[in-house]
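Worksheet: one structure, shown below.
The values are calculated or read from the model by the stated rules, or taken from the named source; none is laboratory data. As the structure is a computational prediction, the values presented were derived from the model and not from experiment. Cβ placement follows ideal geometry from the backbone for every residue including glycine, while neighbour counts extend to all protein chains displayed.
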Amino acid sequence: MKKSKSATVAVARAKPPRNETSIPAAVAEAFGNLPPREARAFEVLSAGGTIVAAAAAAGVVRQTVHEWLLPGGALAGAIDVWKKSLADNARTRLLILGQQATTTIANAIRNGDTRAALAVVKSMGLLAAPPTGESLHQTTATLKRDQAARALRQTADEQRHRDFAAAVANDDWLPDDDPIPDEPAPPSGDAENPIPADEPLLDGHTKDPT
């Protein structure tokens, strides 16, 4: 037997059972600030209902509910507050369960449950071999070796500096600043007996008087 459309809408508009005392103050405040239709949609959505059911409860189309859920809208803000409240509540419950779990493990170990004790010891890494490092003798030898290497590097650097300073102080490798002297003119006779201009030279030519 198929349900009538009016019956379906009536079911969708019905508010889900809620424990009002368990609603956080922030969620109650956000819910109280909603317009009536958005508040009915919030009731359906926060109970796990669909967009279609929320639209039917609010008496609007689905597109309107989608617009209410856009960032910045009142319904979207209320949904965000509600989701944050759920996350905070879940974290609190997990912390409580963790405390109960550790209490249960402690009681089991006190009662002689070796499996529980072994599981706890393994999870804490207490059975792993402790890390081993160098012995005192090895550490001292490494330190001395590093110091000797640093001393050698320092000595080599100082020697390079001395060699460079000595090379700069020695100017033998620098170029001579004195100008190159002009080559002397070829001799045309001695100063006391110059060759006459009309006297023939060895090759039969006479000296040019100019």
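Overview of values
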quantity: Any helices (runs of 4 or more DSSP H) falling wholly within region 48-115 and containing at least 1 residues that are touching a strand residue (DSSP E or B) at 6+ places or on another chain (Cβ under 7 Å), of a type in the set (D, E, K, R) and within 22 Å of PRO24 (Cα to Cα); calculated: none
quantity: VAL121 at pLDDT below 70, among the aliphatic types (A, V, I, L, M) and not in a loop (DSSP other than H, G, I, E, B); calculated: no
quantity: VAL44 being within 21 Å of ASN89 (Cα to Cα) and either assigned to a helix (DSSP H, G or I) or aliphatic (A, V, I, L, M) (or both); calculated: yes
